Amino acid sequence: MYILQWSKILILISFLWKAFVVPAFETLHYKVTFPKTKAQLLSTWDLGTVFTFRWVQWEEDFEPYVVVRRNVTRYDKRFVGFGWNKVSHIMELQAQGYEFVVLPSAFVVHMPHSPSFDIFKFRSSSLYRRCLKKLKQEFVQDLITKYGGEHFGDIDLES
């Protein structure tokens, strides 16, 4: 019984500092039957119905879909609407030492949709973009103060 309890504890501990990345695909079709299994996904991939959704190894402003423990650091309240809400969250998880692990059998399919009002504001308002830039700079400085700068490399705060 003791060994069983200890093994459960070790398994739980191994998941404490992991963020599971869900591979993302997208389709340009508005009416499509979404694949329910990885085999179905691969079939739709072969047909060209779905394709990778902005595949990246890692780059600045990376916003993967992740599965994490419920009690992780919450999204930063400075970023609401469009702009850096997911990026800032991922950056904080990285600074805290989370390991990002791709889930090999899970996936999501992003469907096309109309642009949101917030992205319209971002695209059309230089004031909105300047404010977001200022918030980004403030956020990164806060992370560097809290966790040190070695986690962030050469982040371009001017964009």
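For residue 82, the stated conditions do not hold, so it cannot be described as in contact with a helix residue (DSSP H, G or I) (Cβ under 9 Å, 6 or more places away or on another chain) and under 17 Å from residue 19 (Cα atoms). Examine region 5-15 for a residue that is touching a strand residue (DSSP E or B) at 6+ places or on another chain (Cβ under 9 Å), modelled with pLDDT of 60 or more and either more than 30 Å from residue 97 (Cα to Cα) or surrounded by 10 or more Cβ atoms within 10 Å (Cβ to Cβ) (or both), and state whether such a residue exists. For region 5-15, residues touching a strand residue (DSSP E or B) at 6+ places or on another chain (Cβ under 9 Å), modelled with pLDDT of 60 or more and either more than 30 Å from residue 97 (Cα to Cα) or surrounded by 10 or more Cβ atoms within 10 Å (Cβ to Cβ) (or both): absent.
Checking region 49-56 against the condition returns a match, with at least one residue being modelled with pLDDT under 75, surrounded by 11 or more Cβ atoms within 10 Å (Cβ to Cβ) and over 22 Å from residue 82 (Cβ atoms).
One residue stands out in region 112-128 among those that are surrounded by 12 or more Cβ atoms within 10 Å (Cβ to Cβ) and under 21 Å from the mean Cα position of the chain (by Cα): the one that is farthest from residue 32 (Cα to Cα), namely 122.
From the list 72, 101, which one is surrounded by fewer than 17 Cβ atoms within 10 Å (Cβ to Cβ), modelled with pLDDT of 90 or more and under 30 Å from residue 36 (Cα atoms)? Break it down into steps so the answer makes sense when it comes.
On the way: 101 fails: modelled with pLDDT of 90 or more.
Exactly one of 72, 101 is surrounded by fewer than 17 Cβ atoms within 10 Å (Cβ to Cβ), modelled with pLDDT of 90 or more and under 30 Å from residue 36 (Cα atoms), namely 72.
Within region 85-96, can one find any residue that is buried (at least 16 other Cβ atoms within 10 Å of the Cβ), closer than 21 Å to residue 21 by Cα and at pLDDT below 85? No, region 85-96 contains no residue that is buried (at least 16 other Cβ atoms within 10 Å of the Cβ), closer than 21 Å to residue 21 by Cα and at pLDDT below 85.
The values are calculated or read from the model by the stated rules, or taken from the named source; none is laboratory data. A quick note: this is a predicted structure, and the numbers were derived from the prediction, not measured. When we count neighbours, we look across all protein chains shown, and the Cβ atoms used for this are built from the backbone with ideal geometry, even at glycine.
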